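Below is one structure, written out as structure tokens; the observations come after it.
The values are calculated or read from the model by the stated rules, or taken from the named source; none is laboratory data. As the structure is a computational prediction, the values presented were derived from the model and not from experiment. All Cβ positions, even for glycine, are placed from backbone atoms using ideal geometry, and neighbour counts span all protein chains on display.
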Amino acid sequence: MSPARMRAIPRAAAAAPEAARWLGHLTPGQVMCRSFGHSWQPHTAEWIAAEGSFKVVLVCTRCSTGDEDMTRTLWLSNEGRPQVGGGYHYPHGYVMPKGTGGFNPVMRGAVRLRLMETLVH
């Protein structure tokens, strides 16, 4: 990212070098998902008799990498109601490093500015 573009990132994000490095290593798909949310598609679904529930795995079609998928696991009752449990699997580099302040509104703004760099010519 050029120094001029770096100045456009909110000061709180630029003040944390680890956060700026993380931002520079996101893939274009990860930038899009961090900006506007994931594009989930069903991957697998199965009935788990021992749990009495359906296990559904969704995969993001945008921010999954060739080596690693961004997935979300959901558990649904036999009546289709969401159950407690499940979770996410994040591709390497998707999650901000510890100690960078987390993915707060300032960082979301910085990610969206990075997206604008690719969309506005």
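Considering (1) touching a strand residue (DSSP E or B) at 6+ places or on another chain (Cβ under 6 Å); (2) at negative phi, the lone condition that GLY86 does not fulfil carries the number (2). Residues that are modelled with pLDDT of 90 or more, farther than 30 Å from GLU79 by Cα and of a type in the set (D, E, K, R) occur at least once in the stretch 48-62. The residues listed here are VAL106, VAL120, VAL111, VAL95; of these, the one that is hydrophobic (A, V, I, L, M, F, W, C) and in contact with a Pro (Cβ under 6 Å, 6 or more places away or on another chain) is VAL106.
Here is the figure for the stretch 32-53: residues that are under 10 Å from the mean Cα position of the chain (by Cα) and among the hydrophobic types (A, V, I, L, M, F, W, C) total 3. Listed by position, the strands (runs of 3 or more DSSP E) enclosed by the stretch 22-90 that each have at least 3 residues that are farther than 30 Å from LEU113 by Cβ are 40-48, 53-60, 71-77. For the stretch 72-94, the set of residues classified as at pLDDT 95 or above and β-branched (Val, Ile, Thr) consists of THR73 only. Picking from residues in the stretch 72-100 that are in contact (Cβ under 8 Å) with a residue 60 or more places away in the chain and crowded, with 16+ Cβ neighbours inside 10 Å, the one that is nearest to PRO17 (Cα to Cα) is THR100. Within the stretch 48-63, being surrounded by 16 or more Cβ atoms within 10 Å (Cβ to Cβ) and either among the acidic types (Asp, Glu) or touching a strand residue (DSSP E or B) at 6+ places or on another chain (Cβ under 8 Å) (or both) holds for SER53, PHE54, LYS55, VAL56, VAL57, LEU58, VAL59, CYS60. Taking the criterion of being assigned to a helix (DSSP H, G or I) and modelled with pLDDT under 85, the residues of the stretch 109-121 that qualify are THR118, LEU119.
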